[in-house]
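Trainee: Below is one structure. I have some questions about it.
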Amino acid sequence: MPITSQVLPASLIEQLSAIVGPDYVKTQEDDLAYYGKDWTTAVDPMPGAIVLPNSTEQVQALVKLAITHQLKVVPSGGRTGLSGGAVAFQGELVIALDRINHIQQFNEVDRSVQCGAGVITEQLQQFASEQGYYYPVNFASSGSSQLGGNISTNAGGIKVIRYGMTREWVLGMTLVTGAGDILHLGKGLYKNNTGYDLMQLFIGGEGTLGLITEITMKLTTAPKALTTLVLGIEQLEHLMPVMTRFRRDLELTAFEFFSDLALSKVVEHSQLQPPFESKALYYALIEYDQLSEAHTELALSAFEDCMEAGWVIDGVISQNEQQAANLWRLREDISETIAKWTPYKNDLSVKPSQVPAFLTAIEHYVTTAYPDFERIWFGHIGDGNLHLNILKPETLDRSTFLEKCETVTQGIFEIVATFEGSVSAEHGVGLLKKPYLQYSRSQAEIELMKALKRVFDPHLIMNPGKLFN
Ligand SMILES: Cc1cc2nc3c(=O)[nH]c(=O)nc-3n(C[C@H](O)[C@H](O)[C@H](O)COP(=O)(O)OP(=O)(O)OC[C@H]3O[C@@H](n4cnc5c(N)ncnc54)[C@H](O)[C@@H]3O)c2cc1C
């Protein structure tokens, strides 16, 4: 990826070094390229410098220095974001939270654990498991994304129908606002009705109000025996009846969807076996906790009912953890597999009941609009979230491809607005969805958001150009 250098003046670099130590100020080209971007490639990074503080106080000192020098700041987590939220493209100071990565003792009475914002999602999952508990927010980038980034995007993932989004799991946070103030919000309390809940503004705030440094996360009881089914489905309108039938008797922990083309790319790339011999146009992946033998009976009876109704043409159920993991990989490996085609990503959502009609409308539109491009559908449809990925043909250059996609995006978002859906279900707005915010939020709402930003970030230094201008 091209990177243009716009390193900060030496006098400023010296002052940054005085705060975090010279080893933790980075200005080498490869560091600027590494820390200056997220998973997206649409905008080239051009940060002014990277700093890696190790405490809330250091972060505060950096923000105060930034205010004095009118330096713009980009908070950077695990850089797996899919909306360009962590991209520094105009000489900003990147504050990377990687070093604030401690996990403190688990309080079993409170069922909570205090963590640094730089803790990797998977580390918290492992920590929870070692305590005999569970941190349920999970997605394909859990091995690299950080809790601070998860909170700032209110990440969702594969278990939302059972456990909700990241927001559900945050009990408290310490942060530094764009004004340079340290706030301790939430304080680990389950109940605290003392006026406006300011913490909620930072969840999904995309680093535009301040930098989160410490978090109190909630854990829950671990599932006993997660069991996975993959079902073949021929018609979009059968997806939701299948989910409803299974949910009638079982508490599902996931209901995921992928198309035949998504499956074939994963199978080709990973050497995994398809779930069964029959080929279907669409696949649903269902997960539930098999608490007793009775749950197997209930799942099999739901499966038989779906077959009889003609909603499902074939299916497979995992017999052990390894089989469940392999079935999950068919869904979880999609993003990484298609990354080499520089996909143009849409992260859309509607009410779950509207998924089939919405999918049909969008599919009809994009088939006409993108006759030459491969389209990969997958998503967390149990909660109404669909990912539409348009793959770049090898022969087309990146900018022509993006231009073509952007003209079609408008039409897609008009359909989203008709369904009163969201133009960004879980990836945030960042840079890439900013031009389309008005398809999901009213002008009055956007003005209120801007007014809130001015309260927490009066000098307008925090992640400028993201979410709105
Ligand atoms: C293969 C793959 C699969 C994915 N699957 C999912 C999925 O299923 N569900 C989902 O929701 N997302 C998914 N994502 C997107 C991404 O992983 C999430 O958005 C994740 O929460 C981002 O965390 P991060 O630490 O990488 O944040 P970053 O990309 O570093 O930053 C994201 C935003 O948060 C801000 N930020 C970061 N840290 C802080 C902080 N400490 N304080 C204030 N602001 C901060 C940044 O400025 C930026 O605006 C996927 C990404 C990939 C690459």
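The values are calculated or read from the model by the stated rules, or taken from the named source; none is laboratory data. In this text, all values refer to a predicted model and were calculated from it rather than measured experimentally. Note that we place each Cβ from the backbone using ideal geometry, even for glycine, and neighbour counts take in every protein chain shown. All accessible areas refer to the heavy atoms of the entire protein, side chains included, with ligands and DNA or RNA removed. Shrake-Rupley method; radii C 1.70, N 1.55, O 1.52, S 1.80 Å.
Trainee: To the nearest 10 Å², what's His184's accessible area with a 1.4 Å probe?
Mentor: The accessible area comes out at roughly 110 Å².
Trainee: If you place +1 on the Cβ of every Lys and Arg, -1 on the Cβ of every Asp and Glu, and leave all else neutral, what size is the dipole of region 1-97 about its Cα centre, to the nearest 20 Debye? Don't jump to the answer; show the numbers that get you there.
Mentor: Working: 5 positive and 9 negative charges, 47 e Å.
So the dipole magnitude of region 1-97 works out to roughly 220 debye.
Trainee: So for region 317-469, taking the charge dipole from beta-carbon charges (+1 Lys/Arg, -1 Asp/Glu), which of Ala451, Trp328, Ser424 sits furthest toward the positive end?
Mentor: Farthest along the dipole direction, towards plus: Ala451.
Trainee: How far is the Cα center of region 161-194 from the Cα center of region 1-74, in Å?
Mentor: What the calculation gives is 26 Å, centre to centre.
Trainee: If I ignore ligands, DNA and RNA and count only protein heavy atoms, how much of Arg454 is accessible to a 1.4 Å probe, in Å² to the nearest 10?
Mentor: Looks like 130 Å² after rounding.
Trainee: Among Ser270, Ile362, Phe246, which residue has its Cα positioned farthest towards the positive end of the charge dipole of the chain, with +1 placed on the Cβ of Lys and Arg, -1 on the Cβ of Asp and Glu, and the dipole taken about the Cα centre?
Mentor: Ile362
Trainee: Suppose only helical runs count, i.e. DSSP H with n ≥ 4. What mean residue ellipticity at 222 nm does that imply for the chain under -39500 (n - 2.57) per run, divided by all residues and rounded to the nearest 500 deg cm²/dmol? Before the final figure, lay out the partial values.
Mentor: Numbers: 15 runs with 161 residues, N = 469.
Per the formula, -10500 deg cm²/dmol.
Trainee: Nearest 20 debye, what's the magnitude of the dipole of the chain about its Cα centre given +1 on Lys and Arg Cβ and -1 on Asp and Glu Cβ?
Mentor: Working: 35 positive and 54 negative charges, 260 e Å.
For this selection, approximately 1240 debye.
Trainee: Cα axis of helix 398-418 to longest principal axis of the chain: angle in degrees, 0 to 90, nearest 10?
Mentor: Value to nearest ten degrees: 70.
Trainee: So, one more: Treating only the Cβ of Lys, Arg, Asp and Glu as charged (+1, +1, -1, -1), what charge dipole size does region 331-406 show about its Cα centre? Round to the nearest 20 debye.
Mentor: Details: 8 positive and 12 negative charges, 26 e Å.
It comes to approximately 120 debye.
Trainee: For Glu29, what accessible surface area do you get with a 1.4 Å probe? Give it in Å², rounded to 10.
Mentor: Answer for Glu29: close to 110 Å² accessible.
Trainee: For the full complex of protein chains and a 1.4 angstrom probe, list Glu406, Glu57 by accessible area with the highest value first. Walk me through the intermediate numbers first.
Mentor: Working: Glu406 90, Glu57 115 Å².
The residues order as Glu57, Glu406, largest area first.
Trainee: Would you mind telling me the share, in percent, of accessible area of region 257-405 contributed by carbon and sulfur at probe 1.4 angstrom? Let's see the in-between values first.
Mentor: Working: 3560 of 6910 Å².
Carbon and sulfur together cover 51 percent of it.
Trainee: Here's something else I'd like to know. Which of the aspartates and glutamates could be linked to Lys279 by a straight reach, that is with a Cα gap under 13 Å, when you skip same-chain ones fewer than 8 residues away?
Mentor: Qualifying aspartates and glutamates at Cα under 13 Å: Glu234, Asp260, Asp314.
Trainee: Can you put Ile120, Ile412 in order of accessible area, largest first, using a 1.4 Å probe? Walk me through the numbers on the way to the answer.
Mentor: Values: Ile120 35, Ile412 0 Å².
Order by accessible area, largest first: Ile120, Ile412.
Trainee: In straight Cα distance, which lysines are under 24 Å from Lys218, not counting same-chain residues fewer than 8 positions off?
Mentor: Cross-link targets: Lys159, Lys187, Lys191.
Trainee: Okay, next question. Take Met462, Met165 and sort them by solvent-accessible surface of the protein heavy atoms, 1.4 Å probe, largest at the top.
Mentor: Numbers: Met462 0, Met165 45 Å².
Most to least solvent-accessible, the answer reads Met165, Met462.
Trainee: On to the next question. Evaluate E = 1/(1 + (r/R0)^6) for Leu189 and Ser129, where r is the Cβ-Cβ distance and R0 equals 25 Å; express this FRET efficiency to the nearest 0.05.
Mentor: E between Leu189 and Ser129, to the nearest 0.05, is 0.45.
Trainee: Same structure again: With every protein chain left in place, what is the accessible area per residue of the chain in square angstrom, probe 1.4 Å? Intermediate values should be presented prior to the final figure.
Mentor: Details: 20170 Å² over 469 residues.
Per residue, the chain has an accessible area of 43 Å².
Trainee: Any idea what angle helix 10-20 forms with the longest principal axis of the chain, computed on alpha-carbon atoms, 0 to 90 degrees, nearest 10?
Mentor: Taking Cα atoms only, the helix is inclined about 70 degrees.
Trainee: Quick one: compute a quarter of the convex hull surface over the Cα atoms of the chain and quote it in nm². Walk me through the intermediate numbers first.
Mentor: Details: hull surface 90.0 nm².
Averaged projected area of the chain's Cα convex hull equals 22.5 nm².
Trainee: Mind pulling the angle between the C-alpha long axis of helix 260-270 and the longest principal axis of the chain? Nearest 10 degrees, somewhere in 0 to 90.
Mentor: The helix 260-270 is inclined about 70 degrees to the chain.
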